[in-house]
Amino acid sequence: MKHVDYALEGNVAVLAFANPPVNSLGFALRRDLVEGLERAIADPAAKAIVLIGAKGTFSAGADIKEFVTGEIARAPSLWHMITAIEMSPKPVVAAIEGLALGGGLELALACHFRVAHKDAKVGLPEVKLGLLPGAGGTQRLPRIIGVEGALNVMLGGTPLPIALFAKSPLFDRVADADLRAAAVAFASEAAAKGELPLIRNIRIREPNIEALCQFARNTARTAFAKYPAPLAIVECVYAAATKKFDDGMAEEAKQFRALVEGPESAALRHIFFGERAANRIADVPDDTPLRDIRSVAVIGGGMMGTGIAICCLNAGLPTHLLEVSQDALDRGVARVRENYEGQVKKGKMKPDKAAERVALLKPTLSYDDIGGDDIVIEAVFEDMGVKEQVFRKLDQVMKPGAILATNTSMLDINHIAAFTRRPADVIGTHFFSPAQVMKLLEVVRGAKTAKDVLATTMKLAKALKKTAVVSGVCDGFIGNRMIEQYSRQAMFLLEEGASVQQVDAAVEKFGFMMGPFRMSDLAGNDIGAHIRKRRYVETPSVIYSKVADKLCDLGRFGQKTSAGWYDYKPGDRTAYPSSVVDELVAAHRASIGVKTRKIDDREIVDRLVYALVNEGAAILEEGIAQRASDIDMVYLMGYGFPIYRGGPMLYADTVGLYAVVQRMRQFAANPHGDPAAWKPSPLLARLAAAGGTFNANTGGAA
Ligand code: 3HC
């Protein structure tokens, strides 16, 4: 029994299981636990049994990887194990410390008794993976804590302190200190009493069951419209309250199977592993020594700089904010203060906490003040000349070993690094606006960036509560390089006959937070125009529609000028259709002599999304991204790609790469726009021909 340590303490058999790091209930652990249980039942010296997780954690539940490999059903399954516990002629006591989540808590619910350490947390987080508690949780939890409480636990999915359950009989005893000793003592007493209570035998008496479940159904349908799991949970709880236990279990099994096989859960599991995989860098070992980050300097007090400073303040880091003029500095400081005042006003932060954070802000006009900081993050204007001035200065003033980071969203990091005598210390940290809100951080690794600089920046990203994805150096890095292809298609569609509103509506119906035109109005249409101007010179063979340039010629830069692809009213972010834009687009079509046609929404979505996929494949093949799931994380966390579709690369896998390439061939036959854009990148072509996928599977990104 490799995963279970069997010990007899007095007349109690203690089965301590270990499957680091979180005691997930994979096949090997299940096999050993059942074997241990059988041994204890057969052992005449053992009168009761304690199940306890080794190393301070009970269990984080089923092994999520097994949903893809199919091992989840391999006997003894979780369900076999739970039956074995319920059938035990000797009392089985779950001793819970650390976490008991998902299948871990369900295992405990099947035991005759539960003893918990006072600091333990429990929860049923399956809903966050697009699942429901499928090992009896939907049937047992409402029986022991009531329908309303159980719905809250299962629909919320967060781990909860055990104190919250003090009024229910969920825990038979709470231990202040030595959990193992407390559980053994309790088990011995239970053996003496000879009772074998099981939660399955409790009858739910809930007079308001119909109203409660109807309310929960309505909430599930509105708040989680795209996700089937919440509604399925409600139906299972309803069954728990209205049917016999075994019939409720059958309902749970049916609903669970449907969810496991559905695309939403596959997407959410992909994200679970993808977020964690993004932290791993092939040639940077986990034990790479890190540099100490105790203080930060941010250069530039604009929107971006102040957003980055707020992230650092929230992480408790003393932060210098450097600007070139007192006016600009005052505006930056005011922006930081307003952010915290807003948090306090909304009740999201206590005033003393906000004051504590603001006190960590050190505004300055002098580079001399920041030389001792451990990392400096530059967020000045996107112009190589301006970056040069800043980095030459930083090279002079920063202490040896300080990390020099640039927030550029498109400029060549290697070029920037070459302005210093220490290119190994230079790295890109591309935040997304508003930096204090958006989860994504693209960490750009220059040709000479040192491994410890990269590892330290990844660790800092975690402290800043960001999902960090490593990108190599290329124009636009992962996210913006891909979005350019998407935007190009949006403009061609406009020329061919789609309207601004139709394109946005089609993409938003697919699930994007915002269509390309609304997004461009938010970001500023002048930014795209600025980039295109450079492209016209650097890559003259690439075809661009000129319609967006014409829009900018009218000064319609988007929300900031109250006019862009849409009209805006002061103080109102609603996008109103614009007759000026309609006329502009019509005149543009006439000027290029295009014959317009009716375009369906499916073509709009396929063209925009497959443009992302094809560029993503090129990025993957060039090694700019380490793995397909990294690209998906960029799009999910930074570009509003629908979460329940798991990112562009997983979506393409789901559609099937062969079908994606077939569709691209149809688009290539359209002479308008840039047919060359539809040449499948070599990786996509190879995978499509071989029946492969970008992501090896959806259970655990490589
Ligand atoms: N299955 C497989 N691997 C798991 C896992 C699980 N249930 N839970 C965590 N892991 C892995 C992670 O992938 C990670 O692996 P890596 O080091 O190779 O990247 C490692 O364990 C450590 O996890 P974290 O990095 O997330 O560590 P934290 O300390 O930050 O968080 C945690 C620990 C709170 C347990 C968090 O990992 C978590 O929320 N896990 C998922 C819990 C969950 O959803 N349980 C329900 C599973 S589904 C189920 O039980 C179905 C049943 O009802 C039938």
Just need a number here: residues in the range 22-33 that are open to solvent by 30 Å² or more (accessible area, probe 1.4 Å) and more than 16 Å from the ligand (Cβ to nearest atom).
1
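Of the residues GLY372, GLY300, GLY305, which is at pLDDT 95 or above, more than 28 Å from the chain's Cα centre (by Cα) and surrounded by 19 or more Cβ atoms within 10 Å (Cβ to Cβ)?
The unique qualifying residue is GLY300.
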Subset tally (residues that are within 16 Å of the ligand (Cβ to nearest atom) and assigned to a loop (DSSP other than H, G, I, E, B)) for the range 131-166:
9
Pairing a residue in the range 331-345 that is without any contact (Cβ under 8 Å) to a residue 12 or more places away in the chain with any residue that is surrounded by 15 or more Cβ atoms within 10 Å (Cβ to Cβ), where Cβ atoms lie under 7 Å and the two sit 6 or more apart in sequence or on different chains, gives GLN343/MET349; GLN343/ALA354; VAL344/ALA354
What number of residues in the range 555-591 are open to solvent by 70 Å² or more (accessible area, probe 1.4 Å) and at pLDDT below 95?
5
Every residue from the range 617-639 that is crowded, with 24+ Cβ neighbours inside 10 Å and more than 19 Å from PHE512 (Cα to Cα):
ALA617, ILE619, ALA625, ALA628
Under 7 Å between Cβ atoms, which residue pairs at least 6 apart in sequence (or on different chains) link something in the range 256-274 that is more than 11 Å from the ligand (Cβ to nearest atom) with a partner that is of a type in the set (S, T, N, Q)?
PRO263/THR654; ALA266/THR698; HIS270/SER629; HIS270/ASN695; HIS270/THR698
Taking the range 403-427 and keeping only residues that are within 21 Å of HIS530 (Cα to Cα) and touching a strand residue (DSSP E or B) at 6+ places or on another chain (Cβ under 7 Å), one is left with THR406, ASN407, THR408, SER409, ILE413, ILE416
Of ALA84, ALA100, ALA108, ALA94, the only residue that is touching a Cys at 6+ places or on another chain (Cβ under 9 Å) and among the small types (Gly, Ala, Ser) is ALA94
Please work out which residue is nearest to the ligand (Cβ to nearest atom), limiting yourself to the range 167-182 and to residues that are open to solvent by 30 Å² or more (accessible area, probe 1.4 Å) and in a helix (DSSP H, G or I).
ARG180
How about the range 234-280: which of its residues are among the aromatic types (Phe, Trp, Tyr) and open to solvent by less than 40 Å² (accessible area, probe 1.4 Å)?
PHE245, PHE256, PHE273
The range 554-667: helices (runs of 4 or more DSSP H) wholly inside it with 3 or more residues that are within 29 Å of ASN695 (Cβ to Cβ) are 601-621, 628-638, 648-655
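The values are calculated or read from the model by the stated rules, or taken from the named source; none is laboratory data. Just so we're clear, the structure is a prediction, and the values are computed from it rather than from any experiment. Every residue, glycine as well, gets a Cβ built from its backbone with ideal geometry; the counts of neighbours run over all protein chains shown. What goes into the accessible areas is simple: the full protein's heavy atoms, side chains included, and nothing from ligands, DNA or RNA. Shrake-Rupley method; radii C 1.70, N 1.55, O 1.52, S 1.80 Å.
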